[in-house]
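Below is one structure, written out as structure tokens; comments come after it.
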Amino acid sequence: MHPNLATLQRIDELDRLIADSQGQPVLLFKHSYTCGVSAEALDELITHLNDEVSDVRYAMVTVQTHREVSNAVSARLGVRHETPQALLVKEGRVVWAASHFRVNAQELTKALRSSGTSHPR
């Protein structure tokens, strides 16, 4: 795992992360460890983390082990559950989302650069 990728295990951590997105954007990644596409998306996220300098906080929820947190993501942010899924959250709302094969290093970089929060390493 990458040192800049926090693991969310409790709903209060999710709530704090959403509140903190008022001042610092958050990229939230929903992961399934039984899905090959999700494993590829996680590899892509790690590649992105290694290649970019960003003002974004990164966090991950694994749906099998933290189902209630995963469900809370959908409820609090108003998004349909998908895995893999990447959500860019600014000021408490989703400003960009991708799922399945759209969760790749190139798309993540493009989304963060267009939001003004990332640049090449």
The range 11-17 - phi-based ³J(HN,Hα) in whole Hz, Karplus 6.51/-1.76/1.60, Gly and Pro as x: 5, 5, 5, 4, 4, 5, 4
Largest-first ellipsoid semi-axes for the range 58-107, taking √(5λ) over the Cα gyration tensor eigenvalues, angstrom: 17, 14, 9
10 °C / 1.306 mPa s Stokes-Einstein diffusion coefficient of the chain, Kirkwood radius on C-alpha pairs, µm²/s: 114
Sequence-distant residues sharing a close amide H with Gly92 (under 5 Å, placed H): Ser21, Gln22
The range 9-54, Cα convex hull volume normalised per residue, Å³: 78
Table column - 3J(HN,Hα) (Hz), the range 78-85, Karplus curve with 6.51, -1.76, 1.60, x for Gly and Pro: x, 10, 6, 5, 8, 9, x, 8
Mean ellipticity per residue at 222 nm, deg cm²/dmol - from DSSP H runs of n ≥ 4 across the chain, formula -39500 (n - 2.57): -12000 deg cm²/dmol
Heavy-atom accessible area order for Lys30, Lys90, largest first, 1.4 Å probe: Lys90, Lys30
Estimated inter-spin distance, Asn71 and Gln9, nm [label 7 Å along Cα→Cβ]: 2.0
Inter-label distance for Arg93 and His2, nm, one decimal - labels placed 7 Å from Cα along Cα-to-Cβ: 2.7
Per residue, in Å², the accessible surface of the chain once ligands and nucleic acids are set aside, probe 1.4 Å: 50
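So for the range 1-96, averaging the separation of alpha carbon pairs under 8 Å that are six or more residues apart and normalising by length, what relative contact order in percent results?
Reported relative contact order: 43 percent.
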Residue-level accessible surface for Arg57, protein heavy atoms, 1.4 Å, Å²: 90
Percent accessible area from carbon and sulfur atoms, the range 27-121, protein chains only, probe 1.4 Å: 46
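The values are calculated or read from the model by the stated rules, or taken from the named source; none is laboratory data. The model shown is predicted, which means the values in this text are computed figures rather than measured ones. As a convention, Cβ positions derive from the backbone with ideal geometry for all residues, glycine included, and neighbour counts pool all protein chains shown. The protein model used for the area step is the full one, side chains on, heavy atoms only, and it has no ligands, DNA or RNA in it. Shrake-Rupley method; radii C 1.70, N 1.55, O 1.52, S 1.80 Å.
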